[in-house]
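Right, one structure below, let's go through it.
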Amino acid sequence: MKKPDFNLAAGTTIRGKWGHHVYHVVRKLGEGACGVVYLCQKNGVLYALKVGTESSRLMLEVNMLKKFSKVQGVKLGPSFVDVDDWIVNNETYPFYVMEFIEGQPFSVFLKGKKKEWVGICAMQLLSDLEHLHRSGYVFGDLKTDNLLVADSKVQWIDVGGVTAIGRAIKEYTEFYDRGYWGYGSRRADPLYDLFAVTMIMMETVYPNRFDAQKDPKKTLQDKLKSAPLPSEYKKIIAECWRGKYHSATEMKEALGQVLMKRAQPPKRSSRKSVQTDASEWGEMIGVSAIVLAFYGISAWNLWL
Amino acid sequence: MKAGRLKQILLLTDGCSNYGEDPVAVAALARNQGVTVNVIGVLDDQQRGEPQGLQEVEAIADAGGGVSQIVYQKNLSETVQMVTKQAMNQTIQGVINQELQHILGERKTIEELPPEQRGEVVEIVDDLGETCQLEVLVLVDSSASMHHKLPTVKEALADLSLSLNARTGSNEFSVYSFPDSKHTITQKVAWTSELSAMHGIFQKLSSGGYTPTGPALKEALYAFSKKAIVRDEQGVVDPYEETGF
Ligand SMILES: Nc1ncnc2c1ncn2[C@@H]1O[C@H](COP(=O)(O)OP(=O)(O)OP(=O)(O)O)[C@@H](O)[C@H]1O
């Protein structure tokens with residue numbers, strides 16, 4: 001719960017006690033529960049460096065980063081670079097260095113975008129989750145704060161909540177936690193992450209989130225009913241809560257079907273065609289290309 | 001390393017003790033008996049500025065080897081589970097640090113190990129936190145100013161058992177409230193692994209204006225040792241009773 005009570009100025013040098021690598025602070029990137037993340041540079045390369053006071057928590061994150069920098073050839077989360085201690089004013093601060101992911105916060109990325117993007121991002125998350133789950137882990141603390149979008153691809157950054165399947169979820173945030181809403185335990189199983197994905201989808205239309213109130217399940221159902229989301233998404237969310245999907249793969253397929261349907265070019269006769277302008281078209285094509293890429297189908301086969 | 005049994009008292013209060021022995025001294029005694037004392041100071045959501053009389057919260061937890069936190073009612077659930085888990089880790093780390101000093105023959109803590117070894121040790125701590133047995137005696141200050149907060153307390157406790165029961169290791173909880181005119185503390189929930197269905201547990205409450213935190217903590221400590229005796233009589237072998245490991 002403690003945070004280092006310092007604010008590092010640009011140009012500060014951080015020298016590792018053990019490995020002797022030197023990093024130069026560029027600027028602060030963000031702050032979390034157990035540390036501060038700085039953009040740093042070493043030999044002209046930019047990195048994200050997290051410095052904290054809670055050594056054990058940082059070390060657990062490092063262990064996870066090392067494990068998941070590459071799982072079965074798929075990159076899950078930022079690559080691990082270095083771990084060390086920094087001594088300043090006779091105090092020792094543990095820190096670790098990882099790949100800098102230059103992206104936009106999820107909520108910023110979605111602003112002004114068509115609702116299809118909600119589905120696409122969810123699909124991207126589910127694809128990564130498939131790999132993570134297959135290797136025996138659950139992401140745990142899946143939330144928009146832990147997501148960055150780089151090159152139109154959602155990436156997660158904070159692996160502090162990653163938990164081995166069968167164990168107690170290490171870290172969670174109430175809004176995304178199925179336990180909080182009365183939809184199951186806090187024991188790590190793949191469905192725990194699927195629930196969080198539905199809550200990320202909900203958050204795109206309730207950016208201020210909402211509380212459980214007296215009857216958590218009912219609150220959630222009511223919010224879903226009145227959510228300004230495409231009805232097909234709402235159906236998938238409801239089905240997920242009902243336990244219809246047993247894996248990330250199943251939910252991804254369901255979403256994929258919806259996205260493929262909506263990606264069809266609008267018919268000339270439909271009343272919507274009047275409003276369809278060039279830019280929306282461009283986005284539609286982009287959307288379908290990404291969806292098709294997921295299926296490994298060449299876009300040209302369908303479009304030509 | 002085998003996971004042992006950890007014992008904690010979780011004190012939920014909103015003010016300063018004003019009767020009987022010093023709660024800080026009792027907390028120190030508890031720690032000595034292998035029972036960690038965590039304290040959460042509960043503020044009203046509307047409350048502003050420096051809370052009065054809550055300095056004691058930190059002092060009690062420090063003496064009791066535990067964790068303290070002052071929170072608004074609405075964050076109580078998150079805090080209760082966080083404090084409990086953090087205290088578990090703290091206790092386990094303490095034990096491991098002792099082991100390290102034993103092995104390495106010098107004053108060395110986990111933090112002082114080179115990163116590689118530290119990485120291995122924190123995994124062990126994490127494993128023990130997942131698998132150890134945990135006993136939490138929840139001690140709820142039910143004096144008049146706490147009354148309207150008790151529904152939130154109940155929710156937070158249900159949430160705590162949800163979090164802890166996700167672990168591999170077993171859990172036992174019991175809930176006591178104070179003050180009680182006859183026995184200082186009253187048992188509200190007997191030892192159980194589930195704190196979800198606690199109907200009407202905080203109904204008949206006394207509304208005296210006194211807060212005997214120290215005596216209440218001491219009674220809680222007795223309740224713990226009584227539990228240990230019952231367990232011994234049942235012939236449960238527990239070689240780790242002394243240190244928790
Ligand atoms: N690899 C990275 N590349 C770019 N930015 C990053 C990276 N890692 C972290 N950040 C930024 O720093 C912020 C805080 O990081 P992070 O979420 O890891 O902290 P934390 O202490 O783990 O937070 P919490 O546990 O409360 O979620 C992030 O929101 C993000 O903006």
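FYI, it's all coordinate maths here, none of it is from the lab. Source: prediction; values computed, not measured. All Cβ positions, glycine included, derive from the backbone under ideal geometry; neighbour counts span all protein chains shown.
Take the Cα of B:Asp45, step 7 Å toward its Cβ, do the same at B:Thr131, and the gap between the two points is 4.2 nm. Put a plus charge on the Cβ of each Lys and Arg, a minus charge on the Cβ of each Asp and Glu, and nothing anywhere else: the dipole of region A:104-262 about its Cα centre is then about 520 debye.
Using the Kirkwood radius built from alpha carbon pairs, what does the Stokes-Einstein equation give as D for region A:104-262 at 25 °C and 0.890 mPa s, in µm² per second? The diffusion coefficient I find is 158 µm²/s. Taking amide hydrogens as placed 1.01 Å from N in the peptide plane, the amide H of B:Leu6 sits under 5 Å from those of B:Gln133, B:Leu134, B:Glu135, each at least 5 positions away in sequence or on another chain.
Here the sum of -39500 (n - 2.57) over DSSP H runs of 4 or more residues, divided by the residues of the protein assembly as shown, equals -12500 deg cm²/dmol at 222 nm, to the nearest 500. The mean number of partner chain beta-carbon atoms within 10 angstrom of a residue's beta-carbon across peptide B:164-170 is 4. The share of C-alpha pairs in the protein assembly as shown whose separation exceeds 43 Å stands at 26 percent.
Going by the alpha-carbon gyration tensor, a ≥ b ≥ c the square roots of its eigenvalues, is region A:13-99 rounded (a/c under 1.5) or, if a/c is not under 1.5, prolate (a/b greater than b/c) versus oblate? Note, shape of region A:13-99 comes out prolate.
Take each residue in B:119-127, count the other chain C-beta atoms within 10 Å of its C-beta, and the mean is 4.
Computed packing ranks the peptides B:94-106, A:96-108 as A:96-108, B:94-106, most packed first, by mean other Cβ atoms within 10 Å. Between the amide H of A:Ala168 and those of A:Ala188, B:Thr168, distances stay under 5 Å, these residues lying 5 or more places away or on another chain, with hydrogens modeled in the peptide plane. For chain B, the longest piece that avoids every one of the trypsin sites (Lys or Arg not before Pro) found in DSSP loops with at most 13 other C-beta atoms within 10 Å covers B:109-181. Counting Lys and Arg as +1 and Asp and Glu as -1 over every other residue whose Cβ lies under 11 Å from the Cβ of A:Cys40, the net charge comes to +3.
About its Cα centre, the protein assembly as shown has a charge dipole of approximately 2220 debye under the convention of +1 per Lys or Arg Cβ and -1 per Asp or Glu Cβ, with nothing else charged. Loop-resident trypsin sites (Lys or Arg not before Pro) (DSSP state other than H, G, I, E or B) in region A:198-252 with no more than 10 further Cβ atoms inside 10 Å of their Cβ: A:Lys214, A:Arg242. Amide H contacts for B:Leu43 (H built 1.01 Å from N in the peptide plane; partners 5 or more residues away or on another chain; cut-off under 5 Å): B:Val71, B:Tyr72, B:Gln73. Per residue of peptide A:165-176, the mean number of Cβ atoms on other chains within 10 Å of the residue Cβ is 3. Among A:36-42, B:195-201, the peptide with the highest mean count of other Cβ atoms within 10 Å heads the list, and the full ranking is A:36-42, B:195-201. Legend: helices of chain B (whole DSSP H runs) are marked when their alpha-carbon atoms reach 27 angstrom or more along the helix axis and their mean Kyte-Doolittle hydropathy is at least -0.5; marked are B:76-104, B:213-233.
Taking the centroid of alpha carbons for each part, region A:68-108 and region B:144-206 are 41 Å apart.
A simple charge model with +1 on the Cβ of Lys and Arg, -1 on the Cβ of Asp and Glu and nothing else charged puts the dipole of chain B at about 700 debye relative to its Cα centre.
Counting only aspartates and glutamates at least 8 places from A:Lys113 when in the same chain, those with an alpha carbon closer than 19 Å to its own are A:Asp145, A:Asp151, A:Glu203, A:Glu232, A:Asp277, A:Glu280, A:Glu283. In summary, the lysines within cross-link reach of B:Lys182, defined as a Cα separation below 22 angstrom excluding same-chain residues under 8 places away, comprise B:Lys204, B:Lys218, B:Lys226, B:Lys227.
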